[in-house]
Amino acid sequence: MANQFVVQLRNQPGSLAVLAEGLAAKDIDVRAIGGGGLGDVGHVIMTTTDDEGTRAVLEAGGYTFAEGESIIAEIEDRPGGMARMARELSDAGVNIRGHLFLGRWGDRAMLGFVVDKPEIARPILERKGPSAG
């Protein structure tokens, strides 16, 4: 999977439009996106069709952003599934920089995480089965 970009935006009308227009002008397609905002600050978490091009657009636009490998994880799709995964990462000293919901199949949800310590997080996130959730 492509890298994930966690991008800080101003929490005001048009911020996402400007970013999306900049990507579109370089023929870069957004593949997955999530985000939000509180107060004056917002953010998007996204994957695109062109990591290098996305990085260039973000740098040229003066955006504050973090980029990282998207590590795919399956978690139990029931109350507590995300809590257990987040706790395991926290207990291992891993900070979650962003995550994207990718889909749901039966009793499993699939997410892509970008973290500050992928070498520590990968074995935790890539586990499958009930103990992973």
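Write out, first by first residue and then by second, each pair whose Cβ atoms fall under 9 Å of each other, whose residues are 6+ apart or on separate chains, and whose first residue, in the stretch 32-50, is under 12 Å from Ala2 (Cα atoms) while the second is among the charged types (D, E, K, R) and modelled with pLDDT of 95 or more.
Thr48/Asp29; Thr49/Asp27; Thr49/Asp29; Asp50/Lys26; Asp50/Asp27; Asp50/Asp29
Any idea how many residues of the stretch 17-36 are buried (at least 17 other Cβ atoms within 10 Å of the Cβ) and assigned to a helix (DSSP H, G or I)?
Total meeting the criteria: 3.
Here is a yes/no grid of residues against (1) farther than 22 Å from Val7 by Cα; (2) of a type outside the set (S, T, N, Q); (3) modelled with pLDDT of 95 or more:
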{"site": "Met82", "(1), (2), (3)": "yes, yes, no"}
{"site": "Met85", "(1), (2), (3)": "yes, yes, no"}
{"site": "Gly93", "(1), (2), (3)": "yes, yes, yes"}
{"site": "Arg97", "(1), (2), (3)": "no, yes, no"}
{"site": "Phe101", "(1), (2), (3)": "no, yes, no"}
{"site": "Met110", "(1), (2), (3)": "no, yes, no"}
{"site": "Val114", "(1), (2), (3)": "no, yes, no"}
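May I ask you to list the residues in the stretch 9-42 that are of a type in the set (D, E, K, R) and on the phi > 0 side of the Ramachandran plot?
Across the stretch 9-42, the qualifying residue is only Asp27.
Among the residues of the stretch 53-63, are any aliphatic (A, V, I, L, M), in contact with a Leu (Cβ under 7 Å, 6 or more places away or on another chain) and over 21 Å from Ala86 (Cα atoms)?
There is at least one residue in the stretch 53-63 that is aliphatic (A, V, I, L, M), in contact with a Leu (Cβ under 7 Å, 6 or more places away or on another chain) and over 21 Å from Ala86 (Cα atoms).
The values are calculated or read from the model by the stated rules, or taken from the named source; none is laboratory data. What you see is a predicted model, and the numbers here were worked out from it, not measured in a lab. Glycine also receives a Cβ, built like all others from the backbone with ideal geometry; neighbour counts cover every protein chain displayed.
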